[in-house]
Amino acid sequence: MNNVLPDYSHAKGETHRGLFLRYLLILIGLLICTTSPARKKHTDPPFSPALQQLYAKTDHAPYHLRHAPVIGISTTYSHGSLSAGYDCVKAIHQAGGIPILIPSTNDPTLLDAIIRKMDGVLFTGGVDVDPSFYGHDRHPQLGSVNNERDTFELMLFRKAFERGIPIFGICRGMQLINVAMGGTLVQDIPSELTSDIRHLQEERGTQGTHSVNIEKGSTGARMFGQTTLSVNSFHHQCIQRPAPQLKVTGRSPDGVPEVVEGYPKHKIFGVQFHPEIFAARDNDATMKRFFSFLIEECKQ
Ligand code: MN
């Protein structure tokens, strides 16, 4: 019977040698990967010293933003060009998000594809929203409107809302959100409301010119960590009737809505002032909380 049993002793020796060779090959592979091509790429000729320096900086960038939330920023199309305020880009980056500019388009298929790549959306400041979108006639004091931007942003809102991702708005962005959800706007504060506050300030953007009182226990109060803010003001319009799913949780002393939110049901938040100017230009700790809150909401 013994002579029919196979002898494994020789094969075992082969296995150990095979394993050793395999590990050796992996080690050599790792050494090759961590030394040459990629690491030396930026010093290869015929790159100029300036280009070498630039590539060295590019190749050694840290990875900490790789999995950060992607925040889409709405842009303006005008005369063949796209534009967006740089302060929003900077403020989102500072807060640990990846800012991406969303190109203006009225193609719902493209918007659907774009929104699927986003973790959140920020609607920015700009010109007046066309009152036809909230069913009102044009007031004589209505400012300029941009139909491309209105249709783009209203469609973008609809797609983002459908996806359930956080939607935040600044100035016109907050008004746009209100219109998109069925609310209305005051077309010109000075001619339609009685107020002793100048909402279209002449002072620079880093200067607060009026206060805002935020409702205790609201998302706004939690976001800013306080219930009184000193804010800048660059608007001649404001929310008239809030949309059914939005709640005004912050007002200036004259009663003008300055903070609205869709919480707790919808991750929707808007401010009438410009926190991005304070955050990006003055590194303002309170206003930076608007952006860190947005980033945190997008992570969940
Ligand atoms: Mn104001």
Next on the checklist: I'm checking my understanding of the structure. Among residues of the range 124-141 that are over 16 Å from the mean Cα position of the chain (by Cα) and hydroxyl-bearing (Ser, Thr, Tyr), which one is surrounded by the fewest Cβ atoms within 10 Å (Cβ to Cβ)?
Outcome noted: SER132
Item to check | Count of residues meeting criterion [aliphatic (A, V, I, L, M), more than 10 Å from the ligand (Cβ to nearest atom) and under 21 Å from ALA285 (Cβ atoms)] in the range 192-233 | outcome: 4
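Quick check on the range 209-218. Is at least one of its residues modelled with pLDDT of 95 or more, within 30 Å of PRO140 (Cβ to Cβ) and either assigned to a loop (DSSP other than H, G, I, E, B) or among the polar types (S, T, N, Q) (or both)?
So far as the range 209-218 goes, yes, one or more of its residues are modelled with pLDDT of 95 or more, within 30 Å of PRO140 (Cβ to Cβ) and either assigned to a loop (DSSP other than H, G, I, E, B) or among the polar types (S, T, N, Q) (or both).
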Item to check | Filtered residues of the range 97-128 (kept if out of contact with any strand residue (DSSP E or B) (no Cβ under 7 Å at 6 or more places or on another chain) and touching a residue at least 40 places away in the same chain (Cβ under 8 Å)) | outcome: THR105, ASN106, PRO108, LEU111, ASP112, ILE115, ARG116
Item to check | Complete set of residues in the range 107-123 that are surrounded by fewer than 23 Cβ atoms within 10 Å (Cβ to Cβ) and either closer than 23 Å to PHE234 by Cβ or hydroxyl-bearing (Ser, Thr, Tyr) (or both) | outcome: THR109
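Tell me whether the range 85-103 contains one or more residues that are within 29 Å of GLY205 (Cα to Cα), basic (Lys, Arg) and surrounded by 17 or more Cβ atoms within 10 Å (Cβ to Cβ). Show your work before the answer.
Within the range 85-103, the first condition is being within 29 Å of GLY205 (Cα to Cα), and the residues that meet it are 85-103.
Right, trim to basic (Lys, Arg) and you get 90.
With surrounded by 17 or more Cβ atoms within 10 Å (Cβ to Cβ) added as a condition, the list becomes none.
Within the range 85-103, not a single residue is within 29 Å of GLY205 (Cα to Cα), basic (Lys, Arg) and surrounded by 17 or more Cβ atoms within 10 Å (Cβ to Cβ).
Name the single residue that is farthest from the ligand (Cβ to nearest atom) among those in the range 242-300 being in a strand (DSSP E or B) and of a type in the set (Gly, Ala, Ser). Give the steps one after another, and end with the answer.
Within the range 242-300, the subset in a strand (DSSP E or B) is 247-251, 257-261, 268-271.
Then drop every residue that is not of a type in the set (Gly, Ala, Ser), which leaves 250, 270.
Numbers: GLY250: 10, GLY270: 13 Å.
Checked the range 242-300; the qualifying residue farthest from the ligand (Cβ to nearest atom) is GLY270.
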Checklist entry - Does any residue in the range 152-176 that is under 16 Å from LEU294 (Cβ atoms) come within less than 6 Å, Cβ to Cβ, of a residue that is hydroxyl-bearing (Ser, Thr, Tyr) and buried (at least 19 other Cβ atoms within 10 Å of the Cβ) six or more places away or on a different chain, and which pairs are these? => result ILE170/THR124; GLY173/THR124
Checklist entry - Listed residues LEU229, LEU246; which is within 23 Å of the chain's Cα centre (by Cα), over 25 Å from ASP130 (Cα atoms) and surrounded by 14 or more Cβ atoms within 10 Å (Cβ to Cβ)? => result LEU229
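The values are calculated or read from the model by the stated rules, or taken from the named source; none is laboratory data. Remember, predicted model here, so these are calculated numbers, not experimental data. Cβ atoms come from the backbone with ideal geometry, glycine included; neighbour counts cover every protein chain shown.
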